[in-house]
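Data block below; observations after.
The values are calculated or read from the model by the stated rules, or taken from the named source; none is laboratory data. Quick caveat, the model's predicted, so the values are computed rather than measured. Virtual Cβ from ideal backbone geometry, glycine too; neighbours counted across all protein chains shown.
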Amino acid sequence: LDLNLAQIILDYAEIDTILLNSHLEILEWSEGAYIYAFQPLNKSILISECIPEIDTPQIKAQIEEVLLGREGRFLLQGLQRTLSHGEPLFFSLAIQSYTLPETKSPGLVCLLRDVTEAALLLQKVEELKQVKSGFLAIASHELRAPLTNVNGFLDLVLDGSFGTLQDEQRHYLTLASKNLSRMLTLTNDLLDVERLENGSIQIIEDNFDLLRLTRVLGASFESHLQKHNLELVVEAVAGEAFPVLADMSRIEQVISNLINNAIKYSQPTSTKIVIQFEKQGDKVIVNVIDEGIGIPEQDQPRLFHRFFRATNASSGGARGNGLGLSIVKAIIEQHNGSVWLTSIAGVGSTFSFSLPLAR
Ligand code: ADP
């Protein structure tokens, strides 16, 4: 490569260089390299005097490996300086072996790269994440109490506790109650996501049979399933139990969420939902298999991300906020399990999770 061109590339990439001999003494440096050095760059002084971060036996040993050609490159990231006007400078240092052009003897080249912009951006992103988390937590917390309160009163009115309702009154109050329930679900989901993600949720462990819990939960979906002409089949080897040590209400939330989705995203041709239980070593694997609309392949990698809904999610008019699966994932991972899916659009999906079995 033409030397001028090489310099243009290095300048553009904001990379400065310092050349060293095999004793790690400085030979030459590029114009901008001085900002990375703790003291003025000078010929024949040791590089560790200017970049003291490399002055550890471990790093020196690694650099030796590079010099001997046993390692291709040594990379040190996350280095920091304060510039003369007080601004921070973040940089990375790569050290590579290099044959010195004049003497043809082995040497090293230090490549110093200014990554301040990216580092500051990352810091900002982290700060914004904190602000957003705080905001969501406060907003959803503050919303939940009044919503629950209004919902309670609406239920009382609808129950006839304050007198008999006329049809029209009942109709509109029922609509209001449904919409309020949706708002409550969203606020609860938001609160859950935040708490699960920042680890402030408490897992109360209980010893229970996952299969039994699923059968009980399944029964509570009876009328919902009937409405969609669906049958729920729970499959496991007869007589086998699947004991887990887990937070029962959170695991209930996981299973309900998966059953709910399997119903919600069913299609007119769907006939059943199968929940399979199997043991794999010291784990239980649960597969929730549906014959629903499925998930297009390109959407699958992002399915467990917050607020993400597949492109076909609302094709059958199914409403949602895209939070359920991110909650499922967070709960299962907090229990040292994992979640995954396989799906073919138009054919169906299998949502699976694993949990450690209790001894
Ligand atoms: P929501 O259902 O409220 O949108 P979820 O987080 O539960 O949110 O699900 C995220 C998305 O994953 C859904 O919007 C839908 O696109 C897709 N999805 C989830 N479960 C199924 C399923 N059983 N069949 C097809 N798509 C599903």
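Table: residues versus (1) among the acidic types (Asp, Glu); (2) touching a residue at least 40 places away in the same chain (Cβ under 8 Å).
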| residue | (1), (2) |
| --- | --- |
| 72 | no, no |
| 82 | no, no |
| 85 | no, no |
| 96 | no, no |
| 102 | yes, no |
| 105 | no, yes |
| 113 | no, yes |
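Taking the condition of being more than 9 Å from the ligand (Cβ to nearest atom) and touching a helix residue (DSSP H, G or I) at 6+ places or on another chain (Cβ under 8 Å), how many residues in segment 253-272 meet it? Explain how you work it out, then say what you get.
Pass one, segment 253-272, residues more than 9 Å from the ligand (Cβ to nearest atom): 253-256, 259, 267-272.
Now narrow it down to the ones that are touching a helix residue (DSSP H, G or I) at 6+ places or on another chain (Cβ under 8 Å): 253-256, 259.
The number of residues fulfilling the criteria is 5.
What residue, among those in segment 28-51 that are in contact (Cβ under 8 Å) with a residue 40 or more places away in the chain and either in contact with a Ser or Thr (Cβ under 7 Å, 6 or more places away or on another chain) or buried (at least 19 other Cβ atoms within 10 Å of the Cβ) (or both), is nearest to residue 84 (Cα to Cα)?
By that ranking, first place goes to 36.
Checking residue 288 against (1) hydrophobic (A, V, I, L, M, F, W, C); (2) part of a helix (DSSP H, G or I); (3) at pLDDT 95 or above, which single condition isn't satisfied?
Result: residue 288 passes all but (2).
On the basis of being of a type in the set (A, V, I, L, M), surrounded by fewer than 16 Cβ atoms within 10 Å (Cβ to Cβ) and touching a residue at least 24 places away in the same chain (Cβ under 8 Å), does residue 139 make the cut?
Working: of a type in the set (A, V, I, L, M): yes; surrounded by fewer than 16 Cβ atoms within 10 Å (Cβ to Cβ): yes; touching a residue at least 24 places away in the same chain (Cβ under 8 Å): yes.
Judged against the criteria, residue 139 is a match.
Looking at the structure I just gave you, is residue 280 more than 14 Å from the ligand (Cβ to nearest atom), surrounded by fewer than 18 Cβ atoms within 10 Å (Cβ to Cβ) and within 15 Å of residue 342 (Cβ to Cβ)? Talk me through it step by step, then tell me what you get.
Working: more than 14 Å from the ligand (Cβ to nearest atom): yes; surrounded by fewer than 18 Cβ atoms within 10 Å (Cβ to Cβ): yes; within 15 Å of residue 342 (Cβ to Cβ): no.
Answer is no for this residue.
Of all residues in segment 342-359, which are within 11 Å of the ligand (Cβ to nearest atom) and part of a loop (DSSP other than H, G, I, E, B)?
So the first thing to find is which residues in segment 342-359 are within 11 Å of the ligand (Cβ to nearest atom), and the list is 343-351.
Residues satisfying the conditions are 345, 346, 347.
What about residue 339, is it within 12 Å of the ligand (Cβ to nearest atom) and assigned to a strand (DSSP E or B)?
Details: within 12 Å of the ligand (Cβ to nearest atom): yes; assigned to a strand (DSSP E or B): yes.
Criteria met by residue 339.
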